[in-house]
Amino acid sequence: MGTGLLELFSGIGAAGIAWGGPVVGAIDQNSHANTTYLENHDLAPRSWNLAGVTAAQLGAFSAERWWLSPPCQPFTVRGARRDLDDPRVKPLLRVLAILCELRPRVVAMENVPGFVASATRGELRAALITAGYTLDERLLCPTSLGVPMRRQRYYLVARLGQGQGHRSRFETPVPVSPTRPLSSFVDAEPDPALYLSEAVIATWGHSVNILDSEDPAAVATCFTSAYGRSPVRSGSYLRDGGGVRYFAPEEILRLLGFPDTFRFPEPLARPVRWDLAGNSLSVDAVRALRLET
Ligand SMILES: C[S@@+](CC[C@H](N)C(=O)[O-])C[C@H]1O[C@@H](n2cnc3c(N)ncnc32)[C@H](O)[C@@H]1O
């Protein structure tokens with residue numbers, strides 16, 4: 001096997017940015033994610049359904065590092081927490097069976113905190129330990145790294161061999177005061193189309209989280225892929241000199257730790273950009289896992 005990284009459920013490629021080293025392959029069935037990935041990573045993801053992928057297809061990448069960001073809906077309240085009964089868990093189980101056969105040197109995965117109590121995690125742990133991996137599992141939130149945005153997630157790093165005992169740290173990460181204020185992540189000249197009308201503020205203003213752009217202690221709630229579609233519990237809003245507005249997708253990417261050079265392809269509608277950003281990963285959190293290359 002080579003030294004490359006295989007990004008599975010690759011989305012817009014946060015793991016490749018964070019982990020570094022050569023990315024030899026990416027797979028996702030979302031065409032908007034794939035065009036955005038190509039625009040930024042110089043690599044065209046395969047538009048495959050991972051529920052039907054074969055060992056020959058994944059083995060052909062000769063990657064010794066695999067990153068998995070499988071769908072989180074089977075483990076969320078909004079997704080009805082159907083766990084192993086949810087068909088959206090099938091691609092993860094398929095990939096798991098193949099990786100236990102091919103045994104790449106390092107496997108890492110991210111999901112929502114609800115994954116911790118799932119039967120799917122039990123299957124994942126049992127399969128990886130049987131295949132000879134040592135597991136390191138934890139919850140991590142960008143707020144514990146000084147970033148003014150909550151996004152607590154489950155992270156797994158599985159290394160082949162290294163029988164030093166499995167580690168699971170599921171205590172709630174302790175937030176620290178933002179070391180970079182929210183104001184340093186927001187645009188100086190926001191698009192006027194981001195501002196909410198008085199009628200919308202009157203209807204939803206009391207039930208949504210609105211932050212003051214100049215408050216040094218302001219911390220945004222987790223942005224989800226429903227931001228812009230579902231007014232409540234999908235992310236924070238911002239009050240600045242122009243009124244109350246949405247965060248732009250590009251501002252969310254900044255909070256996720258994406259580099260300033262990252263670009264969405266043109267034209268890509270704002271709701272699609274919100275969807276892709278809300279589905280992505282905290283680059284800062286993945287870096288904090290200290291994955292070796
Ligand atoms: C949580 S997102 C991952 C986001 C990614 N880590 C990023 O940086 O943007 C899950 C991704 O899995 C993809 N996906 C879901 N089911 C899939 C399947 N059966 N085959 C391939 N991709 C799938 C979705 O299109 C989505 O981009």
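The table that follows gives values for the structure above.
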| quantity | calculated |
| --- | --- |
| Selection from region 262-293 of residues that are part of a loop (DSSP other than H, G, I, E, B), among the charged types (D, E, K, R) and more than 21 Å from Y227 (Cα to Cα) | R290, E292 |
| Qualifying residues in region 123-151 (those that are open to solvent by 40 Å² or more (accessible area, probe 1.4 Å) and outside any strand (DSSP E or B)) - the one nearest to V77 (Cα to Cα) | R150 |
| Helices (runs of 4 or more DSSP H) contained entirely in region 1-76, each with at least 3 residues that are more than 9 Å from the ligand (Cβ to nearest atom) and either at pLDDT below 95 or outside the structural domain of F262 (by TED's automatic domain parsing) (or both) | 31-41, 55-59 |
| Criterion: modelled with pLDDT of 95 or more, over 19 Å from T224 (Cβ atoms), in contact with an Asp or Glu (Cβ under 9 Å, 6 or more places away or on another chain) and surrounded by fewer than 19 Cβ atoms within 10 Å (Cβ to Cβ) - qualifying residue of P190, P181 | P181 |
| Residue that is modelled with the lowest pLDDT, among those in region 199-214 that are open to solvent by 30 Å² or more (accessible area, probe 1.4 Å) and more than 18 Å from V232 (Cβ to Cβ) | E214 |
| Among the residues listed as A248, A218, A277, the single one being crowded, with 16+ Cβ neighbours inside 10 Å, farther than 27 Å from S69 by Cα and in contact with a Pro (Cβ under 9 Å, 6 or more places away or on another chain) | A218 |
| Subset tally (residues that are buried (at least 22 other Cβ atoms within 10 Å of the Cβ) and either more than 23 Å from T76 (Cα to Cα) or not hydrophobic (A, V, I, L, M, F, W, C) (or both)) for region 281-293 | 1 |
| Residue check, P87 under 19 Å from the mean Cα position of the chain (by Cα) and at negative phi | no |
| Sole exception among (1) surrounded by fewer than 16 Cβ atoms within 10 Å (Cβ to Cβ); (2) under 17 Å from L289 (Cβ atoms) for L38, by number | (2) |
| Region 10-50: number of residues that are farther than 15 Å from A63 by Cα, in contact (Cβ under 8 Å) with a residue 60 or more places away in the chain and touching a strand residue (DSSP E or B) at 6+ places or on another chain (Cβ under 7 Å) | 0 |
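The values are calculated or read from the model by the stated rules, or taken from the named source; none is laboratory data. A quick note: this is a predicted structure, and the numbers were derived from the prediction, not measured. Here Cβ is always computed from backbone atoms with ideal geometry, including for glycine, and neighbour counts include all displayed protein chains. The area values use the complete protein model at the heavy-atom level, side chains included, leaving out ligands, DNA and RNA. Shrake-Rupley method; radii C 1.70, N 1.55, O 1.52, S 1.80 Å.
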